[in-house]
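Colleague: Quick one: structure below, then a few questions.
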Amino acid sequence: MNRLAPIMDFDQKAEQWDKDPVKIQRAKVFAERIVGQIHPRPSRKALEFGCGTGQVSFFLKDHFGKITLVDNSAGMIEVLKKKIRSGGIDNMEPFFLDIFHDPLPVKDLDVIFTLMTLHHIPEIEKALEILHAAIAPDGYLCIGDLLKEDGSFHDFTPEFKGHHGFSREYLKTLLAKKGFREIYYELFFEIEKREGDQIKKYPLFFLLAEKEPVQK
């Protein structure tokens, strides 16, 4: 059984995913935060976890030597493969897999980045363990996700089994438990949703964590 929360049918939404300007803009701003904080170089290897159609990676493709992209939606990966082929891009490699059942195809990564993915995963502790194992010593984990909210963000998806965002304190404690040290945090974007006559805003945070060296 897939352990990602079945919030929506991503396969069916894949073809339309890049037509939402808000998704493109949040990916752009998230990518800018990554570049501004870690100053990536062409010699570095990165992985995008929960890549979807690769929006973040397309903004970062000129900043890394190689980017591996993984997602458990076959539809998203097919759209991504078409984009890579049509763009003639040779440093982005996508994989359709579920990290809970399939080994990651790379290791000793300099950076893993993930946008709006972790809150879909009930077993977040296990996911962080898997990502931690794939990062090289002193490598980075970059997270963009929902700030803790009241549960209304997924009001129209009653089957949602993930997290209603994360408080900074909770995630910082959890990351420390799994071998990461938070080194930067900020709110970087807002998603707006209409509820009747009202517009509700949902802040997103950017968190940069470093893999702590193993104590000898």
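The values are calculated or read from the model by the stated rules, or taken from the named source; none is laboratory data. Here the structure is a predicted model, which is why all the values come from computation and not from measurement. Positions of Cβ are backbone-derived with ideal geometry, glycine not excepted, and every protein chain shown enters the neighbour counts.
Colleague: Considering every residue within the stretch 19-29, establish whether at least one is more than 25 Å from Phe153 (Cα to Cα), at pLDDT 95 or above and of a type in the set (D, E, K, R). If you could, list the steps in order and put the result at the bottom.
Modeller: Looking only at the stretch 19-29, we keep the residues that are more than 25 Å from Phe153 (Cα to Cα), and these are none.
Checked against the condition, which is being more than 25 Å from Phe153 (Cα to Cα), at pLDDT 95 or above and of a type in the set (D, E, K, R), the stretch 19-29 yields no hits at all.
Colleague: Separate question: Can you tell me which residue within the stretch 191-212, out of those that are at negative phi and either surrounded by fewer than 13 Cβ atoms within 10 Å (Cβ to Cβ) or small (Gly, Ala, Ser) (or both), is modelled with the lowest pLDDT?
Modeller: First, pick out the residues of the stretch 191-212 that are at negative phi: 191-195, 197-212.
From what's left, either surrounded by fewer than 13 Cβ atoms within 10 Å (Cβ to Cβ) or small (Gly, Ala, Ser) (or both): 192, 194-195, 197-199, 201, 209.
Values: Glu192: 92, Arg194: 82, Glu195: 77, Asp197: 81, Gln198: 85, Ile199: 89, Lys201: 94, Ala209: 98.
Selected residue: Glu195.
Colleague: In the stretch 91-112, which residues are in a strand (DSSP E or B) and in contact with a helix residue (DSSP H, G or I) (Cβ under 6 Å, 6 or more places away or on another chain)? Reasoning before the result, please.
Modeller: Filtering the stretch 91-112 for residues in a strand (DSSP E or B) gives 92-96, 109-112.
Hits for the stretch 91-112 are Met92, Pro94, Phe96, Leu109, Ile112.
Colleague: Further question: Taking the stated definitions as given, is Glu125 loosely packed, with under 15 Cβ neighbours inside 10 Å and closer than 18 Å to Gly50 by Cα? Before the answer, list the steps.
Modeller: On the way: loosely packed, with under 15 Cβ neighbours inside 10 Å: yes; closer than 18 Å to Gly50 by Cα: yes.
The answer is yes for Glu125.
Colleague: Please list, ordered by first then second residue, the pairs with beta carbon atoms under 6 Å, 6 or more apart or interchain, first in the stretch 189-215 and more than 16 Å from Gly151 (Cβ to Cβ) and without any contact (Cβ under 8 Å) to a residue 40 or more places away in the chain, second acidic (Asp, Glu) and assigned to a strand (DSSP E or B).
Modeller: Matching pairs, first to second residue: Ile199/Glu192.
Colleague: Suppose we filter Ala46, Ala136 for residues that are hydrophobic (A, V, I, L, M, F, W, C), at pLDDT 95 or above, part of a strand (DSSP E or B) and surrounded by fewer than 22 Cβ atoms within 10 Å (Cβ to Cβ); which single one remains?
Modeller: On the way: Ala46 fails: surrounded by fewer than 22 Cβ atoms within 10 Å (Cβ to Cβ).
One residue alone meets the criteria, Ala136.
Colleague: In addition: Checking Phe96 against (1) at pLDDT 95 or above; (2) within 29 Å of Glu186 (Cα to Cα); (3) of a type in the set (A, V, I, L, M, F, W, C); (4) in contact with an Asp or Glu (Cβ under 8 Å, 6 or more places away or on another chain), only one condition comes out false. Which one?
Modeller: (2)
Okay, residues lined up against (1) surrounded by fewer than 20 Cβ atoms within 10 Å (Cβ to Cβ); (2) of a type outside the set (S, T, N, Q):
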{"site": "Phe58", "(1), (2)": "no, yes"}
{"site": "Leu69", "(1), (2)": "no, yes"}
{"site": "Ala74", "(1), (2)": "yes, yes"}
{"site": "Ile77", "(1), (2)": "no, yes"}
{"site": "Asn91", "(1), (2)": "yes, no"}
{"site": "His101", "(1), (2)": "yes, yes"}
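Colleague: Is it the case that the stretch 131-152 has a residue that's among the hydrophobic types (A, V, I, L, M, F, W, C), over 24 Å from Arg33 (Cα atoms) and either in contact (Cβ under 8 Å) with a residue 60 or more places away in the chain or touching a strand residue (DSSP E or B) at 6+ places or on another chain (Cβ under 6 Å) (or both)?
Modeller: no
Colleague: Which members of the stretch 28-53 meet the condition of being within 19 Å of Ala209 (Cα to Cα) and of a type in the set (Gly, Ala, Ser)?
Modeller: Ala31, Gly36, Ala46, Gly50
Colleague: Would you please name the residue that is surrounded by the fewest Cβ atoms within 10 Å (Cβ to Cβ), looking only at residues in the stretch 139-177 that are of a type in the set (Gly, Ala, Ser) and under 18 Å from the mean Cα position of the chain (by Cα)?
Modeller: Kept after step one, since they are of a type in the set (Gly, Ala, Ser), are these residues of the stretch 139-177: 139, 144, 151-152, 162, 165, 167, 176.
From what's left, under 18 Å from the mean Cα position of the chain (by Cα): 139, 144, 162, 165, 167.
Working: Gly139: 21, Gly144: 24, Gly162: 20, Gly165: 21, Ser167: 11.
Among them, the one singled out is Ser167.
Colleague: Follow-up. Determine if the stretch 27-40 includes at least one residue that is surrounded by 19 or more Cβ atoms within 10 Å (Cβ to Cβ) and of a type in the set (Gly, Ala, Ser).
Modeller: Within the stretch 27-40 (the criterion being surrounded by 19 or more Cβ atoms within 10 Å (Cβ to Cβ) and of a type in the set (Gly, Ala, Ser)), the answer is yes, since at least one residue qualifies.
This table checks each residue for (1) free of Cβ contacts under 8 Å to residues at least 40 places away in the same chain; (2) under 20 Å from Asp145 (Cα atoms); (3) aromatic (Phe, Trp, Tyr); (4) not in a helix (DSSP H, G or I).
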{"residue": "Cys51", "(1), (2), (3), (4)": "no, yes, no, yes"}
{"residue": "Val56", "(1), (2), (3), (4)": "no, yes, no, no"}
{"residue": "Phe59", "(1), (2), (3), (4)": "yes, yes, yes, no"}
{"residue": "His63", "(1), (2), (3), (4)": "yes, no, no, yes"}
{"residue": "Val70", "(1), (2), (3), (4)": "yes, yes, no, yes"}
{"residue": "Gly75", "(1), (2), (3), (4)": "no, no, no, no"}
{"residue": "Val79", "(1), (2), (3), (4)": "no, no, no, no"}
{"residue": "Ile84", "(1), (2), (3), (4)": "yes, no, no, no"}
{"residue": "Ile89", "(1), (2), (3), (4)": "yes, no, no, yes"}
